[in-house]
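Have a look at the structure below, then the notes.
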């Protein structure tokens, strides 16, 4: 049973700096322990992904959706939306029927 | 009839009782609720929320409709919904702390359709957080346990939904399947579980994990019951732009049309057999099942789905990428949970709320997904995975030119012990080896009970062409009726 630092590699597929950067993009607060753990776990996972490189997909189109639907539209007709009090019902903080948030800029 | 006798019954048997006025919907609802209240906490722990008052109200309405002479297939039938489907005024958590106090302001389409059909909602089922997992150990609340052995997992991510049906808390429940999250827990809990064709069932009101993969589907104890539920939930929805505009057959009627499997051409993909990590007892059950299908008149041929081995890597790039986008909305502003420290700005609220209220697996997948989509890596990871997805789909298309259905094991193993696979994410991901390719190709797949391996349930998977749930159900039904597995009851069911 492997414990502690599970995976050691000569070259990490993803670095700690990468994980920090990506965490910032995803607005995900991670502590030092988590950063370490995720770096080694994700490195191991991404290593397993390298198998995809074996395949020649140069002439293969990507599949984003398996169904043959495109641009499903409806008529641009205005109709009632939700009452405001329902929309803000789950808000952790509100003021004057609006979502209340701390300042964006310092 | 005693409570015990009522809660054993299938949908069709309950409907029979209701129609003949031998039991009321209220009596039936109460029988199931009492069973849940007596057993759930101390056995499987399948439910996050029990909706007694709501259930009794719905049961009373169903009784009025029955009294007025209505006879529809789900009228008065109790059921459970995976807590990833929004329910108006009833807390919906997606198994996460970030939605711990979230109360939706409307029903999702499927919730609404089932309510209109006269079903009775007993409660919301536990699940791996945001549907990410294969054991329900990633629930932010508690792990659900397997009704056959309480030290073992029920599978995931729809573990609560599967365990509840296996424990006879309801004749049916709904779960969701993105990479196997209905089929795998169905196999591990000894019940029937179906993932419909992508687009067959509306996703409006389904808390999204991976939008190109998610599908809602039923858990039942008989294939006929699955056919009934599928007819009620399938069909186009204008609120879901990925839902297909295709007619919905009466799947239950079709089951009875042709009982024999003579002339049915079934394919056995060699990549799903003799795999490292396949438990011998599971393998033996599947071989026996194949023999049974042959006795029923089906012919088998070995085929190849050559890109099967790339399924896991493909899925674990596409699904996390899509989830990273779908979970961006949980920001501490709109959905109740929020971490706001003195002096914090908005970015702090985002980071702290998401950092503290998301669990490990969710964070892992958000980071993986964001990375795979980020500039410089998009082509190598996400785009590459989408191209391999095309290859995987083409493998199936080619096989379906000559065959009616593909038959495989659902899972390489029977239920494992709690904690056995939580140390290594990749070990956990391997549970979905046989279910993932079907999801990537958008095809329908069912898991049906196929015996026991050392006393634990084994599932047989049947995969069909897109929108050909009828064939899948037909094969599954014929197999079920020729075997005794659907009459075997879990340990908790017998309590």
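Tabulated results
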{"item": "Protection proxy ranking, peptides B:366-377, B:478-489, B:176-187, average beta carbon neighbours within 10 Å, highest first", "result": "B:176-187, B:366-377, B:478-489"}
{"item": "Residue-averaged 222 nm ellipticity for chain A, from DSSP H runs of 4+ at -39500 (n - 2.57), nearest 500", "result": "-9000 deg cm²/dmol"}
{"item": "Alpha-carbon gyration tensor eigenvalues x 5, square-rooted, for the stretch B:347-495, Å", "result": "34, 25, 12"}
{"item": "Calculated SAXS-style log₁₀ I(q)/I(0) at q = 0.06, 0.09, 0.13 Å⁻¹ - the protein assembly as shown, Debye, Cα scatterers", "result": "-0.29, -0.67, -1.44"}
{"item": "Acute angle (nearest 10 degrees) that the helix A:32-49 long axis makes with the longest principal axis of chain A, alpha-carbon atoms", "result": "70"}
{"item": "Exposure proxy ranking, count of Cβ atoms within 10 Å, fewest first, for B:128, B:83, B:348, B:63", "result": "B:348, B:63, B:83, B:128"}
{"item": "DSSP beta bridges in the protein assembly as shown [antiparallel fraction, %, rounded to 5]", "result": "70"}
{"item": "Rg(Cα)/(2.2 N^0.38 Å) for the stretch B:368-407, N = residue count", "result": "1.65"}
{"item": "Proxy reagent accessibility, fewest Cβ within 10 Å first, across B:35, B:203, A:79", "result": "A:79, B:35, B:203"}
{"item": "10 Å Cβ neighbours from other chains, averaged over peptide A:55-62", "result": "5"}
{"item": "Least to most buried among B:12, B:92, B:42 (fewest other Cβ within 10 Å first)", "result": "B:42, B:12, B:92"}
{"item": "Translational diffusion coefficient (Stokes-Einstein; Kirkwood radius from C-alpha pairs) of the stretch B:158-308 at 37 °C, 0.692 mPa s, in µm²/s", "result": "191"}
{"item": "Chain B: antiparallel DSSP beta bridges as a percent of all, rounded to 5", "result": "65"}
{"item": "Number of partner chain Cβ atoms within 10 Å, mean per residue of B:365-374", "result": "6"}
{"item": "Residues listed by number, the stretch B:138-164, amide nitrogen under 19 Å from residue B:100 label point at 7 Å toward C-beta", "result": "B:138-144"}
{"item": "Cα→Cβ-extended label distance, 7 Å offset, between residue B:19 and residue A:56, nm", "result": "6.1"}
{"item": "Compactness relative to 2.2 N^0.38 Å, alpha carbon Rg of chain B", "result": "0.92"}
{"item": "Crossing angle, helix A:16-25 versus chain A [Cα axis fit, 0-90 degrees, rounded to tens]", "result": "10"}
{"item": "Label-zone membership for the stretch B:217-235, site residue A:67, 7 angstrom Cα→C-beta point, backbone N under 13 Å", "result": "B:234-235"}
{"item": "Pairwise centroid distance, computed over Cα atoms, of the stretch B:159-220 with the stretch A:13-85, Å", "result": "23"}
{"item": "Overall dimensions of chain A as given by Cα atoms, namely Rg and Dmax in Å", "result": "22.9, 61"}
{"item": "Value of Rg/Rh across the stretch B:416-484 [Cα atoms, Kirkwood radius]", "result": "1.05"}
{"item": "Computed [θ] at 222 nm, helices only, for chain B once each DSSP H run of length n ≥ 4 contributes -39500 (n - 2.57)", "result": "-11500 deg cm²/dmol"}
{"item": "Alpha carbon convex hull of the stretch B:309-386, volume per residue in cubic angstrom", "result": "90"}
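Bear in mind that the values in this text are calculations on the coordinates, not laboratory data. Keep in mind that this is a model prediction, so the values were computed, not measured. Cβ atoms come from the backbone with ideal geometry, glycine included; neighbour counts cover every protein chain shown.
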